[in-house]
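One structure is given below, encoded as structure tokens.
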Amino acid sequence: KNEVEQSPQNLTAQEGEFITINCSYSVGISALHWLQQHPGGGIVSLFMLSSGKKKHGRLIATINIQEKHSSLHITASHPRDSAVYICAVRPGETSGSRLTFGEGTQLTVNP
Amino acid sequence: NAGVTQTPKFQVLKTGQSMTLQCAQDMNHNSMYWYRQDPGMGLRLIYYSASEGTTDKGEVPNGYNVSRLNKREFSLRLESAAPSQTSVYFCASSETRYYGYTFGSGTRLTVV
């Protein structure tokens with residue numbers, strides 16, 4: 001079993017829909033990251049969370065440390081949101097800032 | 001623009017050839033990393049450098065070597081490339097205290 005599990009693996013939505021991507025992890029962490037990867041492109045950091053909730057534009061990320069669970073929400077989705085969204089955790093016991101990654105969620109938003 | 005610069009962006013090697021992937025960051029980050037990304041799998045850590053002068057193995061170090069040349073640069077070397085090393089390679093850096101991560105644009109490597 002992977003230390004970081006994402007669901008769903010694939011998600012197709014219509015423009016304007018509210019989207020939720022989930023991430024569950026099995027280890028103690030000091031931080032959780034949400035990343036975005038466009039086709040053929042690099043990886044961009046969206047959020048880093050250690051507790052609570054963060055919001056940036058139409059994106060909202062939440063984390064529940066006790067339940068070892070995080071969600072990424074996209075409001076009023078748009079075709080340009082189509083990308084792979086990756087959850088990654090920084091295990092609390094490791095040195096440095098190494099991350100353990102989920103496999104990613106492929107999001108397609110149709111016009 | 002500040003960030004992480006990787007070269008080359010694309011490379012095709014024959015089995016047994018060697019090459020070095022270059023990575024440089026201009027954000028004065030202490031930690032640097034090399035990851036590989038394969039279809040159906042999350043990014044996996046090859047090697048990392050928590051600070052200048054130190055390097056450590058990650059999950060999948062076999063077949064690779066690294067050099068932290070200075071605080072800015074962290075290179076990844078394939079001494080004898082194998083088809084199993086066909087992958088997309090990402091360099092990243094972070095400021096340990098704030099845990100922020102910045103990724104390079106990736107190197108798509110094919111070994112034939």
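Read the figures in this text as sums done on the coordinates, not as results from a lab. Remember, predicted model here, so these are calculated numbers, not experimental data. In this analysis, Cβ positions are derived from the backbone assuming ideal geometry, glycine residues included, and neighbour counts consider all displayed protein chains.
Computed values, structure above
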read-out	value
Surrounding net charge for residue B:104, when Lys and Arg each add one and Asp and Glu each subtract one, Cβ distance under 15 Å	+2
Set of lysines with alpha-carbon distance to residue A:53 below 30 Å, sequence-local pairs under 8 removed	A:1, A:68
Check: chain B dipole with +1 on Lys, Arg Cβ and -1 on Asp, Glu Cβ, in debye	160 debye
Candidates per chymotrypsin sites (Phe, Trp or Tyr not before Pro) in region A:11-50, loop by DSSP, up to 13 other Cβ within 10 Å	A:18
For B:77-89, mean number of other protein chain Cβ atoms within 10 Å	0
Alpha-carbon Rg/Rh ratio, for the protein assembly as shown, with Rh computed the Kirkwood way	0.97
Selected from A:9, A:52, A:41, residue furthest toward positive end of dipole (region A:8-111; charges at beta carbon)	A:52
For chain A, diffusion coefficient by Stokes-Einstein and Kirkwood Rh (Cα), 10 °C, 1.306 mPa s, µm²/s	113 µm²/s
Debye, to nearest 20: dipole size of the protein assembly as shown, +1 on Lys, Arg Cβ, -1 on Asp, Glu Cβ	300 debye
From phi via Karplus (6.51, -1.76, 1.60), per-residue ³J(HN,Hα) for region A:65-73 in Hz, x at Gly/Pro	5, 5, 8, 6, 8, 9, 10, 10, 10
D_trans [Stokes-Einstein, Kirkwood Rh over alpha-carbon pairs] for chain B, 10 °C, 1.306 mPa s, µm² s⁻¹	114 µm²/s
Binned Cα-Cα distances of region A:1-50, short to long, each 10 Å bin given as a whole percent	18, 46, 32, 4
Cα-projected label distance for residue A:55 with residue B:105, points at 7 Å along beta-carbon direction, nm	3.4 nm
Residue B:7-residue A:17 FRET efficiency (beta carbon distance; Förster radius 41 Å; 0.05 resolution)	0.55
Region A:58-111-region B:13-69 distance, computed between alpha-carbon centres (Å)	23 Å
Cα lying deepest toward the dipole's positive end in the protein assembly as shown, options B:65, A:66, B:82, charges on Cβ	B:65
